[in-house]
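The values are calculated or read from the model by the stated rules, or taken from the named source; none is laboratory data. The model shown is predicted, which means the values in this text are computed figures rather than measured ones. All Cβ positions, glycine included, derive from the backbone under ideal geometry; neighbour counts span all protein chains shown.
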Amino acid sequence: MVKIKEIKRTELNTEEFIREKANEISSLVGDGLAINALSGGVDSSAVTMLGHKALGERLKTYFVDNGIMRKGEPEWIVSLFKGLGVKVEIIDAQDKFFNALKGLTDPEEKREAVTQTFYKDVFGKLVRESKAKYLLQGTILTDVDETVAGIKRQHNVFEQLGIDPEKEFGYKIIEPLVQLRKDGVRALAAALGLPESIHNRIPFPGPALAARVIGEVTREKISIVKKATSIVEKKLADSNAFQYMAILHNDRVPGIRDGKRDFGFQVEVRCWDSVDARVATPTKLSHETLTSLAGDIIKQIPGVVSVTYNIATKPPSTMEAV
Ligand code: XMP
């Protein structure tokens with residue numbers, strides 16, 4: 001396994017980094033085609049801009065709509081990049097992802113289903129049809145660390161796991177951000193001209209909202225967690241926290257609604273203070289913020305009867321639930 005040399009935020013010269021990486025990408029790809037998937041997170045957005053700088057129209061950028069992203073996400077991201085001169089095509093693959101997730105309850109099996117559907121079924125097919133030989137990907141150093149340590153199988157680190165993506169999936173992967181951590185990528189994204197709504201955006205996991213539904217992922221559960229996510233993200237936007245999220249529990253609990261017994265859903269809110277996601281502590285939110293959050297979730301999402309706030313640190317917890 002190759003040791004990756006970290007570039008700390010304090011050592012990062014963004015202009016130089018952009019020049020170097022753009023050169024590297026264009027000399028690797030030559031006059032061929034490269035392809036990348038944009039998810040709207042800071043990592044894949046930075047890679048899209050970097051690749052576009054290096055290759056222009058020879059980089060094909062796709063947004064895979066897996067049905068488990070945040071509300072309104074595909075449309076918002078495509079129009080934002082259009083404004084930056086980058087064409088992004090949406091691929092509707094919702095049915096494929098929901099079918100692959102059907103019946104699965106084990107966290108690693110759920111992650112694996114999202115990974116396999118993305119690489120082999122949806123994206124692998126796009127790459128083969130496009131005749132691109134290279135895939136640009138926004139893997140960062142923290143993804144590599146956690147996968148190598150066996151804490152969690154991130155979706156994007158095949159090489160580090162000794163899996164040859166060319167043999168298994170038919171293409172080569174370029175990972176220009178692999179020496180950086182999140183703070184470095186944010187600085188880079190700003191230098192690449194991405195707006196604050198992207199470069200300062202809270203992280204979002206590769207397996208998307210499937211990482212926030214405990215137990216089987218269904219369309220109904222995704223619709224609940226989508227609404228809860230949007231309420232939590234709006235309410236905590238000014239919290240200065242590293243990341244905040246809503247999680248839907250598997251167990252239902254008794255509640256009372258309109259004077260009648262209800263057997264409803266439980267939503268857990270997590271809000272984390274962290275520098276680089278390796279360790280994290282729950283943000284000390286005011287009781288007022290918490291009760292107002294609970295009120296909004298219960299009022300706006302029929303079927304939810306319980307809202308809790310996580311007070312455990314990482315470790316031993318992880319930030320996502322799955
Ligand atoms: P955990 O849950 O491992 O999360 O403590 C640490 C940070 O990583 C994000 N995360 C992921 N990001 N693919 C990603 O690109 C993944 O599979 C994945 N799982 C977790 C998580 O949101 C947090 O910021």
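Structure notes:
- Test set (1) in contact (Cβ under 8 Å) with a residue 24 or more places away in the chain; (2) within 28 Å of R186 (Cα to Cα) - D238 fails condition number: (1)
- So L188, is it away from the ligand (no atom under 16 Å from the Cβ), under 25 Å from V86 (Cα atoms), at pLDDT 95 or above and assigned to a helix (DSSP H, G or I): yes
- Cβ pairs under 7 Å, 6+ apart, first in segment 34-62 and farther than 13 Å from L84 by Cβ, second within 16 Å of the ligand (Cβ to nearest atom) and aromatic (F, W, Y): A37/F123; G41/F204
- Residue list for segment 21-52, restricted to those being closer than 23 Å to P205 by Cα and in a helix (DSSP H, G or I): V42, D43, S44, S45, A46, V47, T48, M49, L50, G51
- Residue match in segment 96-114 (condition: within 29 Å of A54 (Cα to Cα) and within 17 Å of the chain's Cα centre (by Cα)): no
- Hits in segment 195-214 (condition: in a helix (DSSP H, G or I) and touching a Leu at 6+ places or on another chain (Cβ under 9 Å)): S197, I198, H199, L209, A210, R212
- Each residue in segment 265-322 was checked for being in a strand (DSSP E or B), within 13 Å of Q243 (Cβ to Cβ), of a type outside the set (A, V, I, L, M, F, W, C) and more than 11 Å from the ligand (Cβ to nearest atom), and 3 pass.
- With a requirement of 3 or more residues that are surrounded by fewer than 17 Cβ atoms within 10 Å (Cβ to Cβ) and touching a Phe, Trp or Tyr at 6+ places or on another chain (Cβ under 6 Å), none of the helices (runs of 4 or more DSSP H) lying completely within segment 69-144 satisfies it.
- Within segment 38-57, tally of residues that are modelled with pLDDT under 95 and away from the ligand (no atom under 13 Å from the Cβ): 1
- Subset tally (residues that are in contact (Cβ under 8 Å) with a residue 12 or more places away in the chain, out of contact with any strand residue (DSSP E or B) (no Cβ under 9 Å at 6 or more places or on another chain) and within 16 Å of the ligand (Cβ to nearest atom)) for segment 102-145: 17
- Residue tally, condition out of contact with any Gly (no Cβ under 8 Å at 6 or more places or on another chain) and crowded, with 17+ Cβ neighbours inside 10 Å, over segment 203-220: 11
- Only one entry in E196, E175 is within 16 Å of the ligand (Cβ to nearest atom) and either on the phi < 0 side of the Ramachandran plot or at pLDDT 90 or above (or both), namely E175.
- Of all residues in segment 243-267 being among the small types (G, A, S) and touching a residue at least 12 places away in the same chain (Cβ under 8 Å), the one that is surrounded by the fewest Cβ atoms within 10 Å (Cβ to Cβ): G255
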